[in-house]
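The values are calculated or read from the model by the stated rules, or taken from the named source; none is laboratory data. Just so it is clear, the structure is predicted and the values come from calculations on it, not from any experiment. Positions of Cβ are backbone-derived with ideal geometry, glycine not excepted, and every protein chain shown enters the neighbour counts. To get the accessible areas, we keep the full protein, side chains included, count just its heavy atoms, and leave off ligands, DNA and RNA. Shrake-Rupley method; radii C 1.70, N 1.55, O 1.52, S 1.80 Å.
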Amino acid sequence: MASGNGSNFEALVKAAKRSELDAHICALVVNNPNCEARRRAERLGVKCVVHDHRDFDSREKLDQALVKTFSMLAVEGVVMAGWMRIVTSILIDAYPNRLLNIHPSLLPSFRGLDAVDQAIKARVPLTGCSVHLVEPEVDAGQVLAQAAVPILSSDNHLTLSKRIQHQEHQLLPIAVAIAGECWRSV
Ligand code: GAR
């Protein structure tokens with residue numbers, strides 16, 4: 001699931017193509033028909049399903065459509081790779097311990113919107129990225145993997161975001177592999 005640029009989605013697809021991740025990324029779902037993530041899916045030859053959030057009159061209805069799509073695709077798990085919509089228990093309960101999110105901070109620090117800005121303003125020396133299980137409370141589920149990133153005195157939002165994203169692209173395939181091991185052992 002992606003909403004914008006889709007670089008984490010591409011990192012997952014490439015890790016699977018290089019056999020660094022034992023997974024088949026069967027589809028991308030986007031909520032924004034004009035996003036770069038959709039164009040990446042086309043370039044990478046991955047099916048893309050559009051569920052424009054503006055076509056739904058509640059978060060629950062969007063999530064019902066997502067669950068229907070994922071169930072038709074028979075997916076084992078779902079990754080929110082830059083999904084900028086709050087999800088409801090409709091999606092969360094359909095994939096217990098199988099719905100992952102990537103967030104640009106060392107959780108539990110800096111939950112919610114613009115975690116990069118939050119970290120800069122807090123003047124902490126270190127931030128990073130986390131992959132966690134999704135729970136109804138935003139950015140609060142069990143953390144599966146994290147990577148730390150130093151904040152340099154010369155950093156601005158763009159330079160820090162880029163450095164965090166570089167780590168995200170390494171971390172997300174590792175976290176999906178960890179989650180997959182858990183799913184396959186139960
Ligand atoms: C990523 O940095 C991800 O951590 C963040 O959005 C970016 C998406 O980049 N997610 C959140 O902030 C969710 N709260 P991408 O579209 O290039 O993968």
Output for segment 134-155, where each listed residue is assigned to a loop (DSSP other than H, G, I, E, B), open to solvent by 80 Å² or more (accessible area, probe 1.4 Å) and over 20 Å from Val87 (Cα atoms): Leu152, Ser153, Ser154
Confirm whether Ser105 is open to solvent by 20 Å² or more (accessible area, probe 1.4 Å) and of a type in the set (Ser, Thr, Tyr). no
If a residue has to be open to solvent by 30 Å² or more (accessible area, probe 1.4 Å) and touching a residue at least 12 places away in the same chain (Cβ under 8 Å) to count, how many in segment 162-182 make the cut? 9
Failed condition for Ala94, given (1) under 20 Å from Asn32 (Cα atoms); (2) more than 13 Å from the ligand (Cβ to nearest atom): (1)
Of all residues being crowded, with 20+ Cβ neighbours inside 10 Å and among the small types (Gly, Ala, Ser) in segment 8-52, which is nearest to the ligand (Cβ to nearest atom)? Just the residue, please. Ala37
Would it be correct to say that Ser71 is within 21 Å of Leu133 (Cβ to Cβ) and either within 13 Å of the ligand (Cβ to nearest atom) or touching a helix residue (DSSP H, G or I) at 6+ places or on another chain (Cβ under 7 Å) (or both)? no
Take Asp93 and tell me if it is open to solvent by 60 Å² or more (accessible area, probe 1.4 Å), acidic (Asp, Glu) and at pLDDT 95 or above. yes
Can we say Val78 is surrounded by 12 or more Cβ atoms within 10 Å (Cβ to Cβ) and free of Cβ contacts under 8 Å to residues at least 60 places away in the same chain? no
Residues of segment 119-132 being in a strand (DSSP E or B) and in contact with a Pro (Cβ under 9 Å, 6 or more places away or on another chain), which ones? Leu126, Thr127, Gly128, Cys129, Ser130
Which residue pairs have Cβ atoms under 6 Å apart, sit 6 or more places apart or on different chains, and have a first residue in segment 1-18 that is within 11 Å of Leu172 (Cβ to Cβ) and a second that is within 7 Å of the ligand (Cβ to nearest atom) and among the small types (Gly, Ala, Ser)? Asn8/Ala81; Asn8/Gly82; Phe9/Ala2; Phe9/Ala37; Phe9/Ala81
